[in-house]
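The structure appears right after this line, and notes come after that.
The values are calculated or read from the model by the stated rules, or taken from the named source; none is laboratory data. Source: prediction; values computed, not measured. Quick reminder, even Gly has a Cβ in these numbers, built from the backbone with ideal geometry, and neighbours come from all protein chains shown.
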Amino acid sequence: MKNYLKLSLYAFLLGAALILASCQDEDPLEESFDPEQTLTTDAEGLTLIKKVVANDGSGDNIIDGASCFDIAFPYSVVVNDSEIMVETSADLLLVEESLDVLEDEDYDFQLNFPLTVTMADYTEVTLDSYDSLYELADTCVEGGEDDDIECVDIVYPVTVFTYNPNFQLTNTIEVENDFQFRRFFAGLAEQDLMGLNFPVSFQYKDSTQVTVNSNSELTDIIRKSQTECDEDDDNDHNDDDFTEERLDETLVKCPWSIRRLVRNEQDDSGQYENYYLTFLEDGKVTASNSFGFKMEGEWQTRISDYRVVVDLEFEDSAEFNGTWYVYEIVEGIINLFNENKDKITLEKACDYEPIECSDEYISEYLKECPYEILNEDGTFFQELTIDFDSELGMYVKNPNGTVVDEGRWSISGNVVVFEGLSMTLANYIGEWQVIECGEGRFKLKRNTEVILLVMQCED
């Protein structure tokens, strides 16, 4: 028997019970319904169905850079001085081919306005300028809403029933396509209930089908399908099949320099322009800079919220930590963002060779020339220099070359130890960790105190 007959019987019995209860002067029965056969407007299953039948706006991302709407045909674009009419999806390939030819050159790309765009719910919006396009695109780029689920489709036709809050059947509709289904949802009132005439079939990207017989089965199928395929919602015309596996392979190929870093709406790119991330296949990642600073962390990729993400975790640094969504891969560039709209741009740096700040390296360079002592900002700490001799003695000299203090030094495990100082630098006896090293420059840290040693070789 069809489900609507079951629901009608259920509604009749419930109504009879309510009448009987009122006649007996008892408290009215609490309204209820069968969640396997009926959906409220806020039910997860209904929300997921809406996403399945939403308009997919990612097919023309090469044009508008936005996955939550597409531009209605026909329209035209100008690449340099050449106008291209875009009347079908096939014409988007002409635009892609034109941009591929100019990939390594500066080029001018223009849209001709006005344009009409179709939103996820199939409503249409007219745009008359780039400003209006960018404003709308901001809602679905870099963490914004992309309303569709593309990995599974409903097999039509589907019969839908609507009910009022008293569980009375109000309408029976046969839905033939996604557009009709999404517009049906737009007409539902908050208090309305709906049901599907099960069984309902779904088709995956590989053309296989599955049949469901209840709301819980439907919800489970759609929920699981969200990570079953690459929806290709990025905005790069050269990246037509971006997958988690491809990202893994790309990350481990070479070290990556920090081309851009924006945190808390603050551009810190300059501070990290000499930093590099090196991803290893065992899940380890190192952050290092051109001065020999190095810290270790962990990384992994996964699918979250229908997107490929990279999880980074460094114990000693919060700048790179967190879940980063990958929204674009171009040749040699990976763009990341997080839910706070922070951004990282990684640039491939296969020629980068990190300085190994080893005991041998530090010892060799400390003994080569005298070193000036500076504050962390590069200003004079005191106008003093230190000679680190090969016998592990250290001699502190003033600008006149007079020895004003002396002691001993040693190094073990990236830690330099000062001993025996009794005068000018007596307060600096103890262990100093080398946190950065490079040719002629070392940064040392003890607790919260930081000093710089800068080589001062005679000409």
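Consider Thr286 against the criteria (1) in contact with a Phe, Trp or Tyr (Cβ under 9 Å, 6 or more places away or on another chain); (2) modelled with pLDDT under 85: it satisfies all of them except one. Which criterion is unmet?
Unmet for Thr286, out of (1) in contact with a Phe, Trp or Tyr (Cβ under 9 Å, 6 or more places away or on another chain); (2) modelled with pLDDT under 85: (2).
Just give me the residues in region 43-68 being polar (S, T, N, Q), farther than 16 Å from Thr123 by Cβ and surrounded by fewer than 24 Cβ atoms within 10 Å (Cβ to Cβ), in sequence order.
Thr47, Ser58, Asn61
Conditions: (1) surrounded by 14 or more Cβ atoms within 10 Å (Cβ to Cβ); (2) of a type in the set (D, E, K, R); (3) touching a residue at least 24 places away in the same chain (Cβ under 8 Å). Asp387 meets all but one. Number of the miss?
For Asp387, the exception is condition (3).
Select from region 406-459 the residues that are touching a Cys at 6+ places or on another chain (Cβ under 7 Å) and crowded, with 16+ Cβ neighbours inside 10 Å and list them in ascending order.
Asn414, Val434, Cys437, Met455
Tyr275 - would you say it is of a type in the set (Phe, Trp, Tyr), outside the structural domain of Pro157 (by TED's automatic domain parsing) and either over 18 Å from the mean Cα position of the chain (by Cα) or at pLDDT below 90 (or both)?
yes
Does Tyr371 satisfy the criteria of being of a type in the set (Phe, Trp, Tyr) and at pLDDT below 90?
Criteria not met by Tyr371.
I need a count of the residues in region 122-169 that are at pLDDT below 90 and within 30 Å of Lys205 (Cβ to Cβ).
Of the residues in region 122-169, 16 are at pLDDT below 90 and within 30 Å of Lys205 (Cβ to Cβ).
Of the residues Thr323, Thr250, which is under 30 Å from Val52 (Cα atoms) and under 17 Å from the mean Cα position of the chain (by Cα)? I'd like the intermediate steps shown before the answer.
Working: Thr250 fails: under 30 Å from Val52 (Cα atoms).
Just one listed residue meets the conditions, Thr323.
For region 163-218, which strands (runs of 3 or more DSSP E) that fit wholly inside it have 3 or more residues that are farther than 17 Å from Ala43 by Cα? Spell out the reasoning first.
On the way: elements: 169-175, 193-196, 200-204, 209-212.
Where strands (runs of 3 or more DSSP E) fall fully within region 163-218 and carry at least 3 residues being farther than 17 Å from Ala43 by Cα, they are 169-175, 200-204, 209-212.
Check Ile222, Ile258 and return the single one that is at pLDDT 85 or above, outside any loop (DSSP other than H, G, I, E, B) and out of contact with any strand residue (DSSP E or B) (no Cβ under 6 Å at 6 or more places or on another chain).
Ile222 is the lone residue from the list that is at pLDDT 85 or above, outside any loop (DSSP other than H, G, I, E, B) and out of contact with any strand residue (DSSP E or B) (no Cβ under 6 Å at 6 or more places or on another chain).
Please verify whether Ile334 is crowded, with 17+ Cβ neighbours inside 10 Å, touching a residue at least 40 places away in the same chain (Cβ under 8 Å), within 34 Å of the chain's Cα centre (by Cα) and assigned to a strand (DSSP E or B), treating the condition exactly as stated.
yes
Looking only at region 313-342, which residues are aliphatic (A, V, I, L, M) and closer than 13 Å to Arg263 by Cβ? Walk me through how you get there before you give the answer.
From region 313-342, those aliphatic (A, V, I, L, M) are 318, 326, 329-330, 333-334, 336; that's our starting set.
Result: Ala318, Leu336.
Could you say which residue among Gly393, Gly401, Gly322 is surrounded by fewer than 19 Cβ atoms within 10 Å (Cβ to Cβ) and without any contact (Cβ under 8 Å) to a residue 12 or more places away in the chain?
Just a single option satisfies the conditions, and that option is Gly401.
In region 199-219, how many are at pLDDT below 95 and of a type in the set (Phe, Trp, Tyr)?
Within region 199-219, residues that are at pLDDT below 95 and of a type in the set (Phe, Trp, Tyr) number 1.
Residue-by-condition table, conditions (1) surrounded by fewer than 15 Cβ atoms within 10 Å (Cβ to Cβ); (2) of a type in the set (A, V, I, L, M); (3) under 29 Å from Glu458 (Cα atoms):
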| position | (1), (2), (3) |
| --- | --- |
| Phe293 | no, no, yes |
| Ser317 | yes, no, no |
| Glu339 | yes, no, no |
| Thr345 | no, no, no |
| Leu366 | no, yes, yes |
| Glu372 | no, no, yes |
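Can you pull out the residues in region 207-234 that are of a type outside the set (Val, Ile, Thr) and under 19 Å from Tyr156 (Cβ atoms)?
Of everything in region 207-234, those that are of a type outside the set (Val, Ile, Thr) and under 19 Å from Tyr156 (Cβ atoms) turn out to be Ser207, Gln209, Asn213, Asn215, Glu217, Leu218, Ser225.
Regarding region 101-119, can at least one residue be identified that is of a type outside the set (S, T, N, Q), closer than 20 Å to Asp178 by Cα and outside any strand (DSSP E or B)?
So far as region 101-119 goes, no, none of its residues is of a type outside the set (S, T, N, Q), closer than 20 Å to Asp178 by Cα and outside any strand (DSSP E or B).
What about Ser422, is it without any contact (Cβ under 8 Å) to a residue 24 or more places away in the chain, in a loop (DSSP other than H, G, I, E, B) and either out of contact with any Pro (no Cβ under 6 Å at 6 or more places or on another chain) or at negative phi (or both)? I'd like the intermediate steps shown before the answer.
Numbers: without any contact (Cβ under 8 Å) to a residue 24 or more places away in the chain: yes; in a loop (DSSP other than H, G, I, E, B): yes; either out of contact with any Pro (no Cβ under 6 Å at 6 or more places or on another chain) or at negative phi (or both): yes.
Criteria met by Ser422.
Quick grid of which residues meet (1) assigned to a strand (DSSP E or B); (2) touching a residue at least 24 places away in the same chain (Cβ under 8 Å):
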position	(1), (2)
Gly270	no, no
Thr278	yes, yes
Asp282	no, no
Glu296	yes, no
Gln300	yes, no
Glu328	yes, yes
Ile344	yes, yes
Glu353	no, no
Glu360	no, no
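Can you go through Gly438, Gly420 and tell me which one is small (Gly, Ala, Ser) and within 45 Å of the chain's Cα centre (by Cα)?
It is Gly438.
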